[in-house]
């Protein structure tokens, strides 16, 4: 007969083993053939399962393959191929991300294929789901106006702008406008640019007035300088010490010089006669 104490010990061991088994394997492990084997980390795959004598054997992914999570697979997943461009290249731990060139649209959710954007200026593509399954979604596109009916698309600024309402400006409508061009009103351009013309006219007038004042001031200064020179040097002009050929005098000025010279000659003659009379008396 088995002692009661031994029976209780066996029951306790079995209970503990059942609790651990029910709790499962630890983090980063998986049960394989009744054993808790370590999983392979991202960037690797399993080569050999764990056994009684060794742990799980893992090896790196080959070029063109990746693994982005812990696994017990015997191979890595193949990298995604892109039709046009790679937004992100494939690495051992991440898959590739694809992109389309300018003027093309992604035809599915992973952008592995691209299709031409057939929308023209003033239109934008509207995407709809055409089919889906197993995480793969295929898209189709239709073109629709970029702006509302009362607006047009400004290609230079890449924005929608409201069309000009000629009736509100009390002007006749020459062109109603469309999805890419604004409406054109008769006389609207002159009305809009009238302020600019006024500013240009005022600017030109100010420049001309400034030049006129400058010319007048220059003429006045030169004239005053000439007058001051004449008044400050009267002897040179009267005696004729300065070469008369250097100046172009008027008839009136020339006459004045001759009169002064005659008076000086007469005074000299009178002095000589007086001296002769005094000498004779002696």
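Tabulated data
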{"read-out": "Order of 179, 134, 89 under a 10 Å beta carbon neighbour criterion, fewest first", "value": "134, 89, 179"}
{"read-out": "Ranked list, fewest to most other Cβ atoms within 10 Å of each Cβ, for 149, 74, 154, 38", "value": "149, 74, 154, 38"}
{"read-out": "Projected label distance in nm at residue 211 and residue 75, using a 7 Å step from Cα toward the beta-carbon", "value": "8.8"}
{"read-out": "Exposure proxy order (Cβ contacts within 10 Å, fewest to most) of 91, 148", "value": "148, 91"}
{"read-out": "Potential extension, residue 52-residue 89 segment - 0.36 nm per residue separation minus Cα distance", "value": "9.3 nm"}
{"read-out": "Added length on full extension, which subtracts the Cα-Cα distance from 0.36 nm per residue, residue 132 to residue 112", "value": "5.7 nm"}
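Since every read-out is calculated from the coordinates, none of them should be taken as a lab result. No experiment lies behind these values; they were computed from the predicted model shown. FYI the Cβ positions are ideal-geometry reconstructions off the backbone, even for glycines, and counts take in every protein chain you see.
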